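The values are calculated or read from the model by the stated rules, or taken from the named source; none is laboratory data. Note that this is a predicted model, so its numbers are computed, not measured. No Cβ is skipped: glycine too gets one built from the backbone with ideal geometry, and neighbour counts run over all protein chains shown.
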Amino acid sequence: MATDAIPGDDAALVLFSGGQDSATCLAWALDRFARVETLGFDYGQRHRIELACRDTLRAGLGRIEPAWGRRLGEDHTVSLDALGAISDTALTREAEIGFEASGLPNTFVPGRNLVFLTFAAALAYRRGIRHIVGGMCETDYSGYPDCRDDTIKALQVALNLGMERRFVLHTPLMWIDKAQTWGLAQSLGGRALVDLIIGDSHTCYLGERGERHAWGYGCGTCPACRLRAEGYARFTATEEAA
């Protein structure tokens, strides 16, 4: 295990929740880096069933492309109970999903991505990894301020200054919508990757995996499910038109 190693350009650490976006980002990283490690967070989220999907997705990616399997390194899971404890949101409490007076959805967990990326950088520092990959996007997102490109760029500066390292925060989904995210998955791993994401990833905020839809498992009505379903519909329509 590398300890405080000087980072190189051949390795990446992917924030890997077990959802559609992070699975696509993991494939993106495996296509580009010689060694890729993954990091998941347990912060008491209602949909923590997503964490149980991570091993299946990692194994499935290795079957789709043997080279990816050889590049896939260690998986890490970090408990962030404190984040859930101080959050009063629909992602960390049994509350109806809606909007706050500020206009933000009550699924917004304040500071979540800032904390995630800070912990990721601390782990990357120890593991000798320079590149950190996350699925943040501000094209068809829920308005979360910590998903914005400006936020990620500012945090990269702060992390580099605070740790005296030159980390690079990659957000390959930042400027594409959900239909294009499905398309990116297909361009990386073909229909096999699309099918893996449909069957084995999890995005539904309510943690519902009882019914399988064309786009995957979920309640079908929460904001995450609606984004995923609408994106898949646009993706398939484009495929059929082609």
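Here is a yes/no grid of residues against (1) within 14 Å of G183 (Cβ to Cβ); (2) without any contact (Cβ under 8 Å) to a residue 40 or more places away in the chain; (3) out of contact with any Asp or Glu (no Cβ under 6 Å at 6 or more places or on another chain); (4) buried (at least 21 other Cβ atoms within 10 Å of the Cβ):
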position	(1), (2), (3), (4)
G199	no, yes, yes, no
H202	no, no, no, yes
A214	no, yes, yes, no
G218	no, yes, no, yes
P223	no, no, yes, no
R226	no, yes, yes, no
A229	no, yes, yes, no
T238	yes, no, yes, no
| note | All conditions in (1) surrounded by fewer than 20 Cβ atoms within 10 Å (Cβ to Cβ); (2) within 17 Å of the chain's Cα centre (by Cα); (3) of a type in the set (K, R) are true of R166 except (2)
| note | Note: among A67, A85, just one is of a type in the set (A, V, I, L, M), at pLDDT below 95 and surrounded by fewer than 21 Cβ atoms within 10 Å (Cβ to Cβ), namely A85
| remark: Flagged in the range 35-58 as touching a Leu at 6+ places or on another chain (Cβ under 9 Å) and either on the phi > 0 side of the Ramachandran plot or surrounded by fewer than 17 Cβ atoms within 10 Å (Cβ to Cβ) (or both), in numbering order, are D42, G44, T56
| task | Kindly indicate whether any position in the range 154-161 is under 18 Å from L15 (Cβ atoms), at pLDDT 95 or above, out of contact with any Phe, Trp or Tyr (no Cβ under 8 Å at 6 or more places or on another chain) and surrounded by fewer than 18 Cβ atoms within 10 Å (Cβ to Cβ). | result | yes
| task | For L61, indicate whether it is in contact (Cβ under 8 Å) with a residue 60 or more places away in the chain, closer than 18 Å to A11 by Cα and outside any strand (DSSP E or B). | result | yes
| Some residue of the range 201-219 being modelled with pLDDT under 95, among the aliphatic types (A, V, I, L, M) and more than 17 Å from D140 (Cα to Cα) | yes
| note | Within the range 129-153, the residues that are under 15 Å from the mean Cα position of the chain (by Cα), at pLDDT below 90 and not in a loop (DSSP other than H, G, I, E, B) are D146, C147
| Residue within the range 193-205 that is more than 26 Å from Q45 (Cα to Cα), out of contact with any helix residue (DSSP H, G or I) (no Cβ under 7 Å at 6 or more places or on another chain) and not aromatic (F, W, Y) present | no
